[in-house]
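Taking it in order: structure first as structure tokens, then the write-up.
Only the coordinates and a few stated rules stand behind these numbers; no lab work does. Note that the coordinates shown come from a computational prediction; the quantities given were computed from them, not determined experimentally. Every residue, glycine as well, gets a Cβ built from its backbone with ideal geometry; the counts of neighbours run over all protein chains shown.
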Number of protein chains: 2
Amino acid sequence: MANTSKFNRTDVLTKASTLFWGKGFAGTSIRDIQDTVNMRPGSLYATFGSKEGLFKEALTSYTNQMSGSLDHCIGQVENPIEGLKSFVSFIIIDSQQNNPSGICMLYKASGEFMGENQPLFDFSQSLIQQFEKRVIGIFTDAKQLNFLDKNFDEANAGQQFIIQFTGLRNYFNGRNDPKLAHKLIEKMFTQLQQ
Amino acid sequence: MANTSKFNRTDVLTKASTLFWGKGFAGTSIRDIQDTVNMRPGSLYATFGSKEGLFKEALTSYTNQMSGSLDHCIGQVENPIEGLKSFVSFIIIDSQQNNPSGICMLYKASGEFMGENQPLFDFSQSLIQQFEKRVIGIFTDAKQLNFLDKNFDEANAGQQFIIQFTGLRNYFNGRNDPKLAHKLIEKMFTQLQQ
DNA sequence: TTTGATTTTGAACGATCGCTCAAGTTATTA
DNA sequence: TAATAACTTGAGCGATCGTTCAAAATCAAA
């Protein structure tokens, strides 16, 4: 006893997150989204409540996509740190050109909302924290698999990783130099395991 | 034979750059600026031409302010690298709370304009490149003053510096932990000179 | 004090913003 | 097939956007 939705929620969120990622929250209009996901405002608002609600789901979708990509890289090899490295290479070298922005959407969002929109800032930050914990967990796994010393400080390595990864993404936003990128990624992982 | 301007251009640009830095280009309206700098749209447009023109000058003003702060830090000590370190500490630890954003305005701008506004993206990138060259110059100075080895690679150190500095600013956007920040800055400079 | 070049003012333009909702459409159940 | 609940549509709301420009105000030179 009803009509059924005609859109694919996952597909809509992927397209919306691509838009938001590239143009930012303030820079993306509901009409931009309408045109891209082929939904009328009524449907959009019935489904996501507001522009902010849609953004939250789009950011979560982005994070899940990243997380899935990281999981995939880790699953391919024995040493989790090798997986982490290939993830970084994939992001910095391979996908930079196709992405709507060279900057991680989480940091772009966090940067846009700080001091302007506390709830959305907090939401972005919580996803960032989540990612840092995931990375620390990877170092813990590597340690248990004897790829790292028993007294290796994985919390510190997690911090260093986030800082360097973020820095690298910013650095290669607009720059295209795979050879240099490869060199800097090698250096990054050497420092992490020093 | 004329009327004279009543506003202080430097003051207006400082206030405008604070606004733009915090809220972003798209998130800042001309009316926001009107209210903050106390100028009517006619005067603003006669002076700066457009919102984009004003932004360019505001971004330049921000860069000059940063540059001046760096020069000041370097001038205080013998070893330019010590000066560079105190500049980083000043930005990350001391001024983070008072700033409208924890993220460098240059990177925030570059991130916002990429793929959306090529001229403004290029403009931001050129200022970023300029800053990297300035940092490399500091390492060169330190080398000539015998604070660094004769075969120290200053171009590589400049890259590493930019990456870590950017990463740290992002990391401490929203986080407030001066002790951790100090620890990570020490680590950063150890790695740079290794 | 008058003149005239320059600056400031602020109402208002058309476009676009986020968002609403009554009307229309669609699929399921009775 | 008729009834009904769920979903989609799109015109249009009031607010705000970047920008313009004629009129008013201002100050230096004549």
Of B:M114, B:M39, how do they rank once you tally other Cβ atoms within 10 Å and put the fewest first? B:M39, B:M114
If neighbour count is taken as other Cβ atoms inside 10 Å, put A:F172, B:F147, B:F161 in order from fewest to most. B:F147, A:F172, B:F161
Which is farthest toward the positive dipole end of segment B:37-91 among B:N79, B:S61, B:F90, measuring Cα position about the Cα centre, with Cβ charges +1 (Lys, Arg) and -1 (Asp, Glu)? B:S61
Karplus (6.51, -1.76, 1.60) ³J(HN,Hα), θ = phi - 60°, over segment B:77-82, in Hz, Gly and Pro reported as x: 10, 6, 7, x, 6, 4
Using the charge dipole of the protein assembly as shown (Lys, Arg: +1 at Cβ; Asp, Glu: -1 at Cβ; taken about the Cα centre), state which of B:L145, B:Q125, B:Q194 has its Cα farthest towards the positive end. B:Q125
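Using the Kirkwood radius built from alpha carbon pairs, what does the Stokes-Einstein equation give as D for chain B at 37 °C and 0.692 mPa s, in µm² per second?
Calculated translational D: 181 µm²/s.
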Are any of the pairs A:K23/B:K85; A:K179/B:K179; B:K56/B:K143; A:K56/B:K108; A:K183/B:K143 more than 28 Å apart by Cα-Cα distance, and if so, which? A:K23/B:K85; A:K179/B:K179; B:K56/B:K143
Once the mean 1/r over all distinct Cα pairs of the protein assembly as shown is inverted, what Kirkwood radius in angstroms do you read off? 22.5
Across the identical copies, how the A:K187 labels are spaced - nm, sorted shortest first, 7 Å along Cα→Cβ: 1.8
About its Cα centre, what dipole magnitude does the protein assembly as shown give when the only charges are +1 on Lys and Arg Cβ and -1 on Asp and Glu Cβ, stated in debye to the nearest 20? 740
Inter-copy label distances at A:S29, 7 Å along the Cα→beta-carbon direction, one decimal in nm, shortest first? 1.4
Starting at 0 and stepping by 10 Å, how many percent of the alpha carbon pairs of segment B:129-194 end up in each bin? 20, 46, 28, 6
Compute the length gained on full extension between B:N8 and B:K150: take 0.36 nm times their separation in residues and subtract their Cα-Cα distance, giving the result in nm to one decimal. 46.4 nm
Quick P(r) readout (segment A:93-161; Cα-Cα; 10 Å bins; whole %) gives 19, 32, 31, 16, 2
Estimated vicinal HN-Hα couplings, Hz - segment B:37-51 in sequence order (Karplus 6.51, -1.76, 1.60; Gly, Pro = x): 9, 6, 10, 7, x, x, 5, 4, 6, 5, 8, 10, x, 6, 4
